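Below is one structure, written out as structure tokens; the observations come after it.
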Amino acid sequence: MIKDNLQEIRSQIPEGVTLVAVSKTKPNEMLMEAYEAGQRIFGENRVPELVEKFEALPKDIEWHMIGHLQRNKVKYIAPFVHLIHGVDSYRLLEEINKQAEKNNRTQPILLQFHIAQESTKFGFDWEEVSEMLNSAEYQEMRGIACHGVMGMATFTEDEKQIRSEFQKLKNYFDRLKASFFQNSNEFKEISMGMSGDFQIAIEEGSTMVRVGSSIFGSRN
Ligand SMILES: *Cc1c(COP(=O)(O)O)cnc(C)c1O
């Protein structure tokens, strides 16, 4: 089942777009089914669950932290996490930098932008990000590698609205690239699109889709 779902999703994703299999709440057996079907990139949104799965499952898996991350939890994932998608404050970035340095790592991260209409979704706006990137404190951070941006569209049936929110994120990416990351080869990811909207996200320039329920079934 999971194997078939994966195949179906992959057939809809062009080369160059990364599929993050969002396995939150799902048992290890289901992740292993995906693993055996060739999936190596998994996304989780809770730190304890992420750590448990990291310890139990094969070591060639790339673990992505996709949810809201609390500062006091960064230390638990800092030794191994491949990419942190949801960086949404300066203080969180500062803590990730500190923990990365402790672990002798350069931690890849994505800056999360607030693109949805719902006020419940986390993320920066343009002014906050540009102020942060211009600050001397940011420029002295050696433990951070900014790989791009991430965002979540409003949960709605309105395709036009979803599309315009993804365009907003693509636009933020382009502006950041031009203003701050012209010479960075690693600033290249736009993480947008989930089960319900990943096709739209790809049409609007997504390089990384985070798909859960269409692979593993719905969550309780
Ligand atoms: C749960 C989650 C997803 C996956 O959602 P599905 O609708 O199950 O594909 C993607 N991104 C984030 C940030 C999530 O929390």
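Scanning segment 123-157 for residues that are among the aromatic types (Phe, Trp, Tyr) and crowded, with 19+ Cβ neighbours inside 10 Å returns a single hit, Phe124. Taken over segment 180-220, the criterion of being buried (at least 22 other Cβ atoms within 10 Å of the Cβ), under 18 Å from Trp63 (Cα atoms) and polar (S, T, N, Q) is satisfied by Ser191 alone. Close Cβ contacts (under 7 Å, 6 or more residues apart or on different chains) running from residues in segment 93-113 that are free of Cβ contacts under 8 Å to residues at least 60 places away in the same chain to residues that are surrounded by fewer than 19 Cβ atoms within 10 Å (Cβ to Cβ) and part of a helix (DSSP H, G or I) comprise Glu95/Arg71; Gln99/Lys75. Every listed requirement among (1) within 19 Å of Leu111 (Cα to Cα); (2) in contact with a strand residue (DSSP E or B) (Cβ under 8 Å, 6 or more places away or on another chain) is met by Thr154 save one, (2). Among the residues here, Val81 does not qualify as crowded, with 17+ Cβ neighbours inside 10 Å and under 23 Å from Glu204 (Cα atoms). Could you grab me the full set of residues in segment 9-68 that are in a helix (DSSP H, G or I) and surrounded by 17 or more Cβ atoms within 10 Å (Cβ to Cβ)? Within segment 9-68, Ile9, Met30, Leu31, Glu33, Ala34, Tyr35, Val47, Leu50, Val51, Lys53, Phe54 qualify. Among residues of segment 45-68 that are at negative phi, those with a beta-carbon under 6 Å from a residue that is of a type in the set (Asp, Glu) and within 16 Å of the ligand (Cβ to nearest atom) at least six positions away or on a different chain give the pairs Leu50/Glu44.
Select from segment 170-219 the residues that are on the phi > 0 side of the Ramachandran plot and within 16 Å of the ligand (Cβ to nearest atom) and list them in ascending order. Selection gives Gly193, Gly217. Among the conditions (1) closer than 28 Å to Lys102 by Cα; (2) in contact with a helix residue (DSSP H, G or I) (Cβ under 8 Å, 6 or more places away or on another chain); (3) at pLDDT below 95, the only one that Ala116 does not satisfy is (1).
The values are calculated or read from the model by the stated rules, or taken from the named source; none is laboratory data. Because the structure is a prediction, the values reported are computed rather than measured. Using ideal geometry, Cβ is built from the backbone for each residue, glycine included, and neighbour counts are taken over all protein chains shown.
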